[in-house]
Amino acid sequence: MKIELPGTCPHCGGNVVVTAWECPQCGTHTQGHFQPCPFCRLNSDDNRMLFSFLMARGNLKEMEKDLGLSYPTLRGRLETLLSKLGIGGRATPDAVPPTPPPDPDRGRKIGSALEGLSSGTLSVDEALKRIRAAKSGSPTNENGDAKEETNGSVDKSEE
C-alpha cells in the first residue's frame, strides 16, 4: 500500500522535513534533513486542481467542466494555488528589481572589521555593524562605517 508523504504536520500545520529515504530496489538508505519540493506540500484539493489544469492544458473552460466550478471560483483557486507554490502575483521583468552587483571590496571590509575587533580599535557592536553593512551591500563612508540613513534629519549626537 502506497502512503503519500504529508506536506504539512497534521498536528500544527507546520512544514515537514524528510529525515530519511530508502531505495527499495537496491536498499540504499540515507538520513539527513531534506526539504520536500513545493508541489509535495500541496493538499489533495490543490493536487486535483493542478492535475486538472495540466490535463486541460490550461484551458479554464475545460477545467470548469472537469471540476464543476464557476470561472470566478476557478480563478480564485488558481491564484491561491500559485501563491502556495510561491509564484503568486504577476511578476513582469519591470516588477523584479535588478540584483545589484556584488561589492568587490566586501571581503576587505569584513577583514578590516575583524582586524579592528581583534586589535581592540573596534567594539563588537561596531564590528558587527560593519560586517552586516558589507554583507548587505549597504553604503559605507570613507572609514568603512555603515552610513546611517537620516531621511533629512540631523543627528545631534555627533555635534
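Among the residues of the stretch 16-29 satisfying the criterion of being among the hydrophobic types (A, V, I, L, M, F, W, C) and not in a strand (DSSP E or B), which is modelled with the lowest pLDDT?
Looking at residues that are among the hydrophobic types (A, V, I, L, M, F, W, C) and not in a strand (DSSP E or B), I get Val16.
Only residues in the stretch 19-41 that are charged (D, E, K, R) count as the first member; pair them with residues that are surrounded by 10 or more Cβ atoms within 10 Å (Cβ to Cβ), Cβ under 6 angstrom, at least 6 apart or cross-chain, and list the lot.
Short answer, once both residue conditions are applied: Arg41/Gly7.
Can you tell me which residue among Gly32, Gly13 is of a type outside the set (A, V, I, L, M) and in a strand (DSSP E or B)?
Answer to the check: Gly32.
Please specify each residue of the stretch 22-41 satisfying the condition of being among the hydrophobic types (A, V, I, L, M, F, W, C) and farther than 28 Å from Ile87 by Cα.
Result: Cys23, Cys26.
Of all residues being acidic (Asp, Glu) and at pLDDT below 90 in the stretch 45-65, which is surrounded by the most Cβ atoms within 10 Å (Cβ to Cβ)? Just the residue, please.
Asp46
Can you name the residue in the stretch 101-123 that is at pLDDT 80 or above and of a type in the set (Lys, Arg) and is also surrounded by the fewest Cβ atoms within 10 Å (Cβ to Cβ) among such residues?
In this case the residue turns out to be Arg108.
Working only within the stretch 55-83, note down all residues that are among the basic types (Lys, Arg) and under 21 Å from Arg41 (Cα atoms).
The answer is Arg75, Arg77.
Which residues, taken from the stretch 35-60, are under 21 Å from the mean Cα position of the chain (by Cα) and assigned to a loop (DSSP other than H, G, I, E, B)?
Matches in the stretch 35-60: Gln35, Pro36, Cys37, Leu42, Asn43.
The values are calculated or read from the model by the stated rules, or taken from the named source; none is laboratory data. Computed from a predicted model, the values in this text were never measured in an experiment. Every residue, glycine as well, gets a Cβ built from its backbone with ideal geometry; the counts of neighbours run over all protein chains shown.
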